[in-house]
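For reference, the structure discussed in these notes is given below.
Derivation of every value follows stated rules applied to the coordinates shown; laboratory data play no part. Not measured: the values here are computed from a predicted model. Here the Cβ positions follow ideal geometry from the backbone for every residue, glycine too, while neighbour counts run over all protein chains shown.
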Ligand SMILES: [Mg+2]
C-alpha cells in the first residue's frame, strides 16, 4: 500500500509512543439546530517517551471519534487503534497508517474510523516535526511555494430572506476589508443544510449570488457553496445555467456526494467548475469522485480523509488527473495549520478554506489554538517556520470546554 512518512536527511531520533489522550470539546453556547461542526472538536494528544507531544483534530462527532480510538479490540481484524499505537515509533507514519487501516478493517474502512485516524495521524506529524525541529511541510518534502492563498469561508445569518442576503453581503465586504482575495458564500436556503429551516425558492438563491457578486466587484474570487441543495443534475442546471455572469470560481456540492454519475453530468454542462469531497474518507472515495464524478476541484479535509498523508495522496492523484485542490476545513487552528502545511507542498492547491476568527460564530475556532499562520495585507499566508504544525493550544480553553 502506498503511504507517506516523514522525509528526513538523517536518521530520526528514537522515540516511542507512550499514550494517547482524547479530549471531547463542546462550545457551551452550541446550538444543535445550527449546521456547523465547528461547535465541537476532538483534540487528540499523542505522548512520547521523550516528552514530545503532538496534537491532532478531526471533523466528526467527537464522542464517536474518541470511542473509535479508545475502544478495545476483540479480534485480529477489529483491533484497537490506541493499542496498536502504544510502543510504536512515531516516525513510521505511513506504516502505522497501513497497520491501523488493516487492523480496523472490520470496524470501519470509511467514515468515522478513518476520520478518527486522521486526528491521530495529524498528531504524529506534529510529534515528528517537533522531534527534528522542522515544520511539517519540510517533512513532506519541502515547499515549492513561498505563500498560499486562503479564502474566507462566510456564513449567513438571520431567518428571513432579506436578512440572509444582507448578512452575506456584509460579511463579504468585511472579508474584502480584511484583505482576502477570495471568499466563499454559503447560499443555502433550502435542501438538507437549509439555514435555520428556510424554504426559499431557487430564484432567491440566484438573487443572493447576484447581490454578493455586485457587492464585492469583479476582481474578488467568488466561490458558492449550496450544500447539497439539489437532488439531481437537471434541477441544478435549470438554476445555475444563468449564473455564468457571476463568474463563480466553483460551485460546491450542488448534489449529494454519492451521486457521482449525476455529478459527471453537471461537470459537463454547468457554466462553472464543480467542487466536492469535504465528507470523503480515503483515496478510494476520491478516485471514484474524480474518475466517475469527473469533478474539477477536489476538496479533501485533513481531519476526515485519513490525515495529512492520505490527503497528500489525494492531492497527488488530482495532479495526475489535472484537477485542482481546494481543501475543506471547518475546525480550529489545529486543522487549519495542518491544511496549510499540505497546501504548501501542493502547487495545484489554489486556495485553502479559512474561517476568519473575526467573522465566525465558532468560539473554538477563535479561542482554542494560536496558529502561526499570518494573513498578510495582500491576502496571502507566508511559509510557516515553527516545528511541527506550529500550533499552540490554549489548555485552559481545552479544560473549560472538555465534556468527555
Ligand atoms: Mg461545504
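Per residue and in cubic angstrom, what volume does the convex hull of the Cα atoms of the stretch 17-133 have?
105 Å³
By per-residue mean of other Cβ atoms within 10 Å, what is the highest-first order of 169-181, 20-32, 110-122?
Answer by packing, highest mean first, reads 110-122, 169-181, 20-32.
Find the relative contact order for the stretch 241-331 and round it to a whole percent, using C-alpha pairs within less than 8 Å whose residues are 6+ positions apart.
26 percent
What does the helix-only formula give at 222 nm for the chain: each DSSP H stretch with n ≥ 4 adding -39500 (n - 2.57), the total divided by the residues, and the result rounded to the nearest 500 deg cm²/dmol?
-11000 deg cm²/dmol
Please sort 291-300, 317-326 by packing, taking for each peptide the average over its residues of neighbouring beta carbons within 10 angstrom, highest first.
291-300, 317-326
What number does the stretch 144-268 give for Rg over Rh if you use C-alpha atoms and the Kirkwood radius?
With Rh from the inverse mean 1/r over Cα pairs, Rg/Rh is 0.97.
On a 0 to 90 degree scale, rounded to 10, what angle separates helix 260-269 from the longest Cα axis of the chain?
Taking Cα atoms only, the helix is inclined about 50 degrees.
Nearest 10 degrees, 0 to 90: what angle lies between the long axis of helix 112-132 and the longest principal axis of the chain (Cα atoms)?
Helix 112-132 sits at roughly 60 degrees to that axis.
Which whole-number percentage describes the relative contact order of the stretch 211-366, with Cα contacts under 8 Å and a sequence gap of 6 or more?
Relative contact order for the stretch 211-366 comes out at 15 percent.
Starting from 0.36 nm per residue, how many nanometres of slack lie between residue 193 and residue 173 once their C-alpha separation is accounted for?
Length difference between fully extended and current span is 4.8 nm.
Taking the Cα atoms only, what angle lies between the long axis of helix 282-291 and the longest principal axis of the chain, rounded to 10 degrees?
30 degrees
Nearest 0.05, what FRET efficiency do residue 210 and residue 83 give at R0 = 45 Å with Cβ-Cβ as r?
Efficiency, rounded to the nearest 0.05: 0.20.
Mind listing the Cα extents of the stretch 82-215 along all three principal axes, in Å, largest one first?
Reported extents, whole Å, longest axis first: 57, 41, 20.
Which whole-number percent gives the relative contact order of the chain, counting Cα pairs below 8 Å spaced six or more residues apart?
Rounded, it is 20 percent for the chain.
Using a Förster distance of 45 Å, how high is the FRET efficiency between residue 109 and residue 378, based on the Cβ-Cβ distance and rounded to 0.05?
Step by step, r from the Cβ atoms, then E = 0.55.
Relative to the compact-globule scaling 2.2 N^0.38 Å, provide the ratio for the alpha-carbon radius of gyration of the stretch 71-158.
Relative to the rule-of-thumb radius for its length, the stretch 71-158 sits at 1.41.
To the nearest 0.05, how large is the calculated FRET efficiency for residue 385 and residue 10 if R₀ is 22 Å and r is the Cβ-Cβ distance?
0.65
How large are Rg and Dmax for the stretch 263-343 when calculated on the C-alpha trace, in angstrom?
Spelled out, the Cα radius of gyration and Dmax of the stretch 263-343 are 12.2, 38 Å.
For the chain, modelled as a GNM with alpha-carbon contacts under 10 angstrom, which of 75, 147, 361 fluctuates the most?
75
Using a 7 Å offset from Cα along Cα-Cβ at residue 235, what residues in the stretch 258-274 end up with backbone N under 18 Å from the label point?
258-267, 270
Just report the Cα centroid separation between the stretch 80-104 and the stretch 322-363, whole Å.
26 Å
Counting each pair of different Cα atoms once, what's the Kirkwood radius of the chain in Å, rounded to one decimal?
It is 21.3 Å.
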